[in-house]
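Structure, as structure tokens:
The values are calculated or read from the model by the stated rules, or taken from the named source; none is laboratory data. Please read all numbers here as calculations on a predicted model, not as lab measurements. Backbone-built Cβ (ideal geometry, glycine too); neighbour counts: all protein chains shown.
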Amino acid sequence: MTDKTMTPDEAVARLHSGMTVGIGGWGSRRKPMALVRALLRSEITDLTVVSYGGPDIGLLAAAGRIRKLVTAFVTLDSIPLEPHFRTARQSGTVELTEIDEAMFMWGLHAAANRLPFLPVRAGIGSDVMRVNPSLRTVTSPYEDGEEFVAAPALRLDAALVHMNRADRLGNGQYLGPDPYFDDLFCEAADTAYVSCEQVVETAELTKEAPPQSLLLQRQYVTGVIETPNGAHYTSCAPDYDRDEAFQRLYAATPWAEFAERFLSGDEKAYQCAVHAWHEEQR
């Protein structure tokens, strides 16, 4: 079996402009931020991004890397609306497809199962259908004759997700309270890159938590990237909580100033800059 370990920059080197990229996590929770920062260091642009959005969307939008966004929301959780996403929408620089959370989930399910769509009740009778005129409905072929939204498959060229633990083969484990939909992102994609807090031996994965915590199966994973603190400043429970102080700094700081101080170097430089900022606050 293949050792799939690589660096963040090696993973991003396999991507290219114009791709459809899915980003796992939820809002400001367990986002693959080290991979997003590596993406910012590249020249990749013109992306279609599929995400239950958080600061991943804000960073990429502020840097001008997103052409189209497919999402159910973009939030920092404790800060309800991601500020750089709002700026991008108000200026019209990002094309938006906004759908119901359940429609988004079923779109991932459809893509994971290589189906063109799946029927879902979500969206019926709502403005989701009005603001997305390309959506279609289907009628049940059985006696009930019920009408459903045909949630289109959210097929991905690549997925980026973050786990608490992974082995070198691509098996990924979450240890927090919620799996989110990271497994569906990987299954819906042609390639999937999994960053993690720690790479461990396969046998260690079932020592720290029960087998059902093994969310990602190696056959759906292309690359494994060990990135301690790699979800910062989002949470990665139980390894660490969201860095609320730093998130507030991010939300309140002009983009150019934030990028110059924290995003002008590699991942190690980022982590050092964050540590230095926290030391200044003491």
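Some notes on this structure:
- Some residue of segment 93-101 being buried (at least 18 other Cβ atoms within 10 Å of the Cβ) and part of a helix (DSSP H, G or I): no
- Just one residue in the set Leu60, Leu76, Leu81 is under 30 Å from Glu43 (Cβ atoms), in contact (Cβ under 8 Å) with a residue 40 or more places away in the chain and outside any strand (DSSP E or B); that residue is Leu76.
- Every condition in (1) under 26 Å from Gly58 (Cβ atoms); (2) in contact with a helix residue (DSSP H, G or I) (Cβ under 7 Å, 6 or more places away or on another chain) holds for Tyr220 except the one numbered (1).
- Tallying residues that are of a type in the set (Ser, Thr, Tyr) and closer than 30 Å to Ala203 by Cα within segment 132-178 yields 1.
- The single condition among (1) over 24 Å from Gly54 (Cβ atoms); (2) at pLDDT 95 or above that Pro133 does not satisfy is (2).
- Taken over segment 216-238, the criterion of being under 16 Å from Glu201 (Cα atoms), free of Cβ contacts under 8 Å to residues at least 60 places away in the same chain and buried (at least 17 other Cβ atoms within 10 Å of the Cβ) is satisfied by Leu216 alone.
- Of all the criteria given as (1) touching a strand residue (DSSP E or B) at 6+ places or on another chain (Cβ under 9 Å); (2) surrounded by fewer than 18 Cβ atoms within 10 Å (Cβ to Cβ), the one not satisfied by Ala63 is (1).
- Count of residues meeting criterion [in a loop (DSSP other than H, G, I, E, B) and among the small types (Gly, Ala, Ser)] in segment 28-57: 3
- Taken as a whole, the structure places Asp241 among residues that are closer than 19 Å to Lys31 by Cβ, without any contact (Cβ under 8 Å) to a residue 12 or more places away in the chain and of a type in the set (D, E, K, R).
- Pairs with Cβ under 6 Å, 6+ apart, first in segment 157-183 and under 19 Å from Gly107 (Cβ atoms) and among the small types (Gly, Ala, Ser), second buried (at least 24 other Cβ atoms within 10 Å of the Cβ) and at pLDDT 95 or above: Ala158/Val21; Ala158/Ala189; Ala159/Gly22; Ala159/Phe185; Ala159/Cys186; Ala159/Ala189; Ala159/Ala192
- Whichever residue in segment 1-47 is polar (S, T, N, Q) and over 29 Å from Pro177 (Cα atoms) and, among such residues, is surrounded by the fewest Cβ atoms within 10 Å (Cβ to Cβ): Thr2
- Within segment 72-127, the residues that satisfy the criterion of being in contact with an Asp or Glu (Cβ under 7 Å, 6 or more places away or on another chain) and modelled with pLDDT of 95 or more are Ala72, Val74, Thr75, Leu76, Ser78, Ala112.
- Any hit, segment 108-126, residues being out of contact with any strand residue (DSSP E or B) (no Cβ under 7 Å at 6 or more places or on another chain), farther than 25 Å from Leu60 by Cβ, surrounded by fewer than 21 Cβ atoms within 10 Å (Cβ to Cβ) and of a type in the set (Lys, Arg): yes
- Any helices (runs of 4 or more DSSP H) falling wholly within segment 198-282 and containing at least 1 residues that are out of contact with any strand residue (DSSP E or B) (no Cβ under 9 Å at 6 or more places or on another chain) and modelled with pLDDT under 95: 205-208
- Residue pairs whose Cβ atoms lie under 7 Å apart, separated by 6 or more positions or on different chains, with the first residue in segment 127-142 and surrounded by 11 or more Cβ atoms within 10 Å (Cβ to Cβ) and the second among the polar types (S, T, N, Q) and not in a loop (DSSP other than H, G, I, E, B), are Asn132/Thr97.
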